[in-house]
Every structure is written in C-alpha cells, then in structure tokens.
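Q: First the structure, then my questions, so here it is.
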Amino acid sequence: MRILVSGARGLIGAATADSLAAEGHEVVRLVRRTSTNSSAEIEWSPETGVARPGELEGIDAIVHLAGESIAGGRWTVARKNSIRDSRVIGTSKLVEAVLSLKRMPSVFLCASAIGYYGDCGEAVVDESSPAGRGFLAEVCQAWEGATAPLAAGGVRVVNLRFGVVLSARGGALQKMLVPFRLGLGGVVGSGRQYMSWVSLDDAAGAVTFGLSNDRVRGPVNVVAPRAVTNTEFTRALGRALKRPTVFPLPAFALRLALGEMADALLLGSTRVTPRRLLDLGYVFKHTEINETLQSLVTHG
Ligand SMILES: NC(=O)c1ccc[n+]([C@@H]2O[C@H](COP(=O)([O-])OP(=O)(O)OC[C@H]3O[C@@H](n4cnc5c(N)ncnc54)[C@H](OP(=O)(O)O)[C@@H]3O)[C@@H](O)[C@H]2O)c1
C-alpha cells in the first residue's frame, strides 16, 4: 500500500513509518515544510491544510499522528490552544482534503488518547465507557469528532486511543530515566493512581494491525492488557535500573510546578483495558511492566 503518515518524525510516527517500510509498504510523509522529495513527501499545514490536495490521489491509507506535544511545557492558554488546534483543526483540514479526492483512501487511522476517559480512579474503562471531564477529554472528543465526516463518507476510520507509550528513545519514560538513573526517582502523589501504558513496539504494532484488519474501526484503546499503579511502575523502573526509588514527589509540589498539567498527566488515574484489540485477536509483544521496562532500559 501507499501509506501517508503525519507526525512521522515523532515517537510513534517514526517507529510506525519504519515498521510499515519494513513490511514493504510505500511510506509518504505529510510534512510541515517545503517538500524536498515530491514522491515521498506531501506538504501541509495544520492551520491551512494540504497545500496541493490532488497529491493525495493514489494514497491507499492514512496514519494521522501529528499534534503539538502535550508535555512540552506548562499549559498556558496559548499552549492549550496549540494542543487543541493542531489536532482538531489539523484533522479537519486533512479530512476536508481527503473528501475532495476522486478516490479516497480505504482507511484513516487517527491518533487519540486515553485522556478521553479523564480521571477514572480505580474503575476499569473500555471503548464503551463515556468520555470524562477536563481539557484532554474535551480535546480527544473534538479530535475524534473531526474524523466523523470521513466515516460518514464511507472510509474506515480508526481512532487509536494511545496510553502512555513507553520507549527509552522518547516520550514519558525517557524523561523519567535521568532522575531514576541518579537514584532520585520515587512515587508520584499517593502512588495509587493507575497508569495505562503500552510499549512503542505494540503502539506501532496496533497501527499495522489496524491498517490490515478490516474489522478494526471506531475507537480502539492502545494500552497493554494490565495497567499498573504509579507505585508498581516506580518499583519496576527502580528494579530495572537497579536504583533506589525513595524520593517521593508530593502532589502539592507537582501542582505548584506544573499547574493543571500535574493532575492531567501525573496525578490522575486511568485504568484502561484494550478490549477491542483483544477481541479482534491482536497479540501483544509486551504485557508485563517488569519485563518491558527491563528490556527497554537494557536494549533501548
Ligand atoms: N506518546 C504517547 O505516550 C502518546 C499517548 C497518547 C496519545 N499520543 C498521541 O499520538 C500522537 C503521536 O504521538 P508521539 O508520541 O509520536 O508524538 P510526538 O513525538 O510529540 O510527535 C508528534 C509529531 O507531530 C508533529 N507536530 C508537532 N507539533 C505540531 C503542531 N503544532 N502541529 C502539527 N503537527 C505537529 C511533529 O511531526 P512532523 O514534524 O513530522 O510534522 C511531531 O513529530 C500525538 O498526537 C499524541 O498526542 C501519544
């Protein structure tokens, strides 16, 4: 297949583009700059859309992952607008361009996040659970909503609700490795909050599974089968690095330092199950946090 990938320089995008190319697909990148190779890149901007929509003719599938980082800095009004608009307006503009084609791609995979469910405490949530409250839940609903015109137009749309993607090369784990390696790691807040994680291999694996399996459509949780509490995660990372984890990060200090972000990303609890992936027969490569972290810190 000729597959268009947006956010291809990002953590999930780069791994996905590599695994698609390894499977023999032709990967075309959606880029936010002047294209230097017209057969392998298509220019767009999340504000104004695809520069020359006709270049999308002949694309068989789209994997849309682009969006301003949610952990790139304190959530000021401007940053929140950028987080929301880069996803909601960006997706609408891309969808608009696809709808204008003579032959639309058969499948459109769009990133979303388990932030959709908000803070759920200890309750286990699956794809049938309602949306939660808060900024990320609102963004995810609007982001998924932006793909609705394509589904109505007959394209198979998959909304990939990613959990915390674990990789030593980027994302949340990479940020934690420095303090933990120095022996400065510890439990965050009460430590009882759940974290729904997925290895980068499985995040990219779910994308390729969703592309090739016609039964995958609508919201799909991309998380490992067993979420862990922050205390379990902290102990597992300490064990993997052979370091003590005795420096707790109190909730009040995090709220002082990070504001609203602290509750949304670190103190909130989301215990998500990958019901759809399991029902459809996806086989996870990484299911246990201890062996996953051990493998990530050892092999990268
Ligand atoms: N990693 C996670 O733990 C996780 C969890 C839940 C959901 N997700 C979602 O999955 C998607 C991919 O995640 P990721 O970890 O690969 O993200 P990432 O590493 O931050 O990469 C996102 C990519 O989006 C593009 N981008 C950056 N700023 C943008 C902006 N203002 N407007 C439009 N595009 C922009 C960039 O690609 P180009 O420079 O190539 O355009 C960037 O490499 C994101 O939408 C993210 O919200 C990720």
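The values are calculated or read from the model by the stated rules, or taken from the named source; none is laboratory data. Note that this is a predicted model, so its numbers are computed, not measured. Ideal geometry is used to build each Cβ from the backbone, glycine not excepted, and the neighbour counts take in all protein chains shown. The area values use the complete protein model at the heavy-atom level, side chains included, leaving out ligands, DNA and RNA. Shrake-Rupley method; radii C 1.70, N 1.55, O 1.52, S 1.80 Å.
Q: Being under 16 Å from the mean Cα position of the chain (by Cα), modelled with pLDDT of 95 or more and buried (at least 17 other Cβ atoms within 10 Å of the Cβ), is that true of even one residue in segment 176-193?
A: Taking every residue of segment 176-193 in turn, none turns out to be under 16 Å from the mean Cα position of the chain (by Cα), modelled with pLDDT of 95 or more and buried (at least 17 other Cβ atoms within 10 Å of the Cβ).
Q: Checking the condition at pLDDT below 95, of a type in the set (Ser, Thr, Tyr) and more than 20 Å from Gly189 (Cα to Cα), which residue from Thr273, Thr287, Thr298 passes?
A: Selected residue: Thr298, the only one of Thr273, Thr287, Thr298 that is at pLDDT below 95, of a type in the set (Ser, Thr, Tyr) and more than 20 Å from Gly189 (Cα to Cα).
Q: Can you tell me which of Val198, Val220 is touching a Lys or Arg at 6+ places or on another chain (Cβ under 6 Å), within 19 Å of Ala15 (Cβ to Cβ) and assigned to a strand (DSSP E or B)?
A: None of the other options fit; the residue is Val220.
Q: Arg169 versus (1) at pLDDT 95 or above; (2) within 29 Å of His25 (Cβ to Cβ): which is the lone unmet condition?
A: Failed condition: (1).
Q: Name the residue, out of Ser35, Ser86, that is without any contact (Cβ under 8 Å) to a residue 24 or more places away in the chain, within 13 Å of the ligand (Cβ to nearest atom) and not aromatic (Phe, Trp, Tyr).
A: Ser35
Q: Counting only residues that are open to solvent by 20 Å² or more (accessible area, probe 1.4 Å) and either more than 13 Å from the ligand (Cβ to nearest atom) or free of Cβ contacts under 8 Å to residues at least 40 places away in the same chain (or both), how many does segment 1-17 have?
A: The number of residues fulfilling the criteria is 4.
Q: Please specify each residue of segment 148-167 satisfying the condition of being assigned to a loop (DSSP other than H, G, I, E, B) and over 16 Å from the mean Cα position of the chain (by Cα).
A: Start the filter on segment 148-167 by keeping residues that are assigned to a loop (DSSP other than H, G, I, E, B), which leaves 153-155, 163.
Within segment 148-167, Gly153, Gly154, Val155 qualify.
Q: Right, here's the next one. Examine segment 118-127 for a residue that is farther than 24 Å from Ala224 by Cα, over 12 Å from the mean Cα position of the chain (by Cα), at pLDDT 95 or above and open to solvent by 40 Å² or more (accessible area, probe 1.4 Å), and state whether such a residue exists.
A: For segment 118-127, residues farther than 24 Å from Ala224 by Cα, over 12 Å from the mean Cα position of the chain (by Cα), at pLDDT 95 or above and open to solvent by 40 Å² or more (accessible area, probe 1.4 Å): absent.
Q: Quick check on segment 10-25: of everything there that is more than 17 Å from the chain's Cα centre (by Cα) and assigned to a loop (DSSP other than H, G, I, E, B), which residue is nearest to Ala206 (Cα to Cα)?
A: The residue in question is Glu23.
Q: Does Arg103 meet the test of being in a loop (DSSP other than H, G, I, E, B), more than 10 Å from the ligand (Cβ to nearest atom), open to solvent by 50 Å² or more (accessible area, probe 1.4 Å) and touching a residue at least 60 places away in the same chain (Cβ under 8 Å)?
A: No: the conditions fail for Arg103.
Table: residues versus (1) under 24 Å from Ile70 (Cβ atoms); (2) assigned to a helix (DSSP H, G or I); (3) of a type in the set (Phe, Trp, Tyr); (4) open to solvent by less than 30 Å² (accessible area, probe 1.4 Å).
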{"site": "Phe247", "(1), (2), (3), (4)": "no, no, yes, no"}
{"site": "Ala257", "(1), (2), (3), (4)": "yes, yes, no, no"}
{"site": "Ala262", "(1), (2), (3), (4)": "yes, yes, no, yes"}
{"site": "Leu278", "(1), (2), (3), (4)": "no, yes, no, no"}
{"site": "Thr287", "(1), (2), (3), (4)": "no, no, no, no"}
{"site": "Asn290", "(1), (2), (3), (4)": "no, yes, no, no"}
{"site": "Ser295", "(1), (2), (3), (4)": "no, yes, no, no"}
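Q: Sticking with this one: Taking segment 130-185 only, how many residues are of a type in the set (Gly, Ala, Ser) and under 22 Å from Arg276 (Cβ atoms)?
A: So the first thing to find is which residues in segment 130-185 are of a type in the set (Gly, Ala, Ser), and the list is 131-132, 134, 137, 142, 145-146, 148, 151-154, 163, 167-168, 170-172, 183, 185.
Keeping just the survivors that are under 22 Å from Arg276 (Cβ atoms) gives 131-132, 137, 142, 145-146, 148, 151-152, 154, 163.
Total meeting the criteria: 11.
Q: Given the criterion within 28 Å of Ala123 (Cα to Cα), within 14 Å of the ligand (Cβ to nearest atom), without any contact (Cβ under 8 Å) to a residue 60 or more places away in the chain and not hydroxyl-bearing (Ser, Thr, Tyr), identify the matching residue among Val207, Val164, Val222, Val158. Steps first, answer last, please.
A: On the way: Val207 fails: without any contact (Cβ under 8 Å) to a residue 60 or more places away in the chain; Val222 fails: without any contact (Cβ under 8 Å) to a residue 60 or more places away in the chain; Val158 fails: without any contact (Cβ under 8 Å) to a residue 60 or more places away in the chain.
None of the others qualify; the one that does is Val164.
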